[in-house]
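Asker: Input: one structure, supplied below.
Derivation of every value follows stated rules applied to the coordinates shown; laboratory data play no part. As the structure is a computational prediction, the values presented were derived from the model and not from experiment. A quick note on method: Cβ atoms are made from the backbone with ideal geometry, for glycine too, and the neighbour counts reach across all protein chains shown.
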Amino acid sequence: MSSKIVLDASALLCLLNDEPGAERVIEVLTRSLIGTTNLAEVVSKLRERGLSLDEVREALGGLHLDVRPLSLDQAMIIGDLRPATKSLSLSLGDRACLALAMDLQAEMFTTDGPLASADVGITITDVRRSTK
């Protein structure tokens, strides 16, 4: 496994909203990355909350995120994951995050229980669950 951590939208929003689990995201922020699909989801949620696009850019800019574009291989993985994850009701964004982590053989951080339960050959950490 890579030492990189792929953040899904919920993990980044957890950090930005200072929700339970934010401290776990902070601990790995310097080695974290996010895909453009999940970043778009974060931007959408922040805009829905009333932040201007300039405020969103400012909030995200200070994090110095490593943002990765969606590749052709990842697009194929996203589609391939659909049948295996349909029972979990994962969104395209969820599957895009999984595809990025699978492509990089990286661990993934989320706050989404169903997403964290996906069995796709990578480590998926629910940052809100305690570590034992």
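Asker: Output the residues belonging to segment 96-108 that are touching a residue at least 40 places away in the same chain (Cβ under 8 Å), assigned to a helix (DSSP H, G or I) and surrounded by fewer than 20 Cβ atoms within 10 Å (Cβ to Cβ).
Answerer: 104
Asker: Within the group 61, 113, 50, 79, which residue is on the phi > 0 side of the Ramachandran plot, without any contact (Cβ under 8 Å) to a residue 24 or more places away in the chain and surrounded by fewer than 13 Cβ atoms within 10 Å (Cβ to Cβ)?
Answerer: Result of the check over 61, 113, 50, 79: 50.
Asker: Further, regarding this structure: So which residues in segment 71-89 are in a helix (DSSP H, G or I) and of a type in the set (Ser, Thr, Tyr)?
Answerer: Of everything in segment 71-89, those that are in a helix (DSSP H, G or I) and of a type in the set (Ser, Thr, Tyr) turn out to be 85, 87.
Asker: For residue 93, indicate whether it is surrounded by 15 or more Cβ atoms within 10 Å (Cβ to Cβ), touching a strand residue (DSSP E or B) at 6+ places or on another chain (Cβ under 7 Å) and not charged (D, E, K, R).
Answerer: It is false that residue 93 is surrounded by 15 or more Cβ atoms within 10 Å (Cβ to Cβ), touching a strand residue (DSSP E or B) at 6+ places or on another chain (Cβ under 7 Å) and not charged (D, E, K, R).
Asker: Would you say residue 68 is basic (Lys, Arg) and farther than 13 Å from residue 16 by Cα?
Answerer: yes
Asker: I'd like the full set of residues that are assigned to a loop (DSSP other than H, G, I, E, B) and buried (at least 23 other Cβ atoms within 10 Å of the Cβ), limited to segment 2-47.
Answerer: Across segment 2-47, the qualifying residue is only 8.
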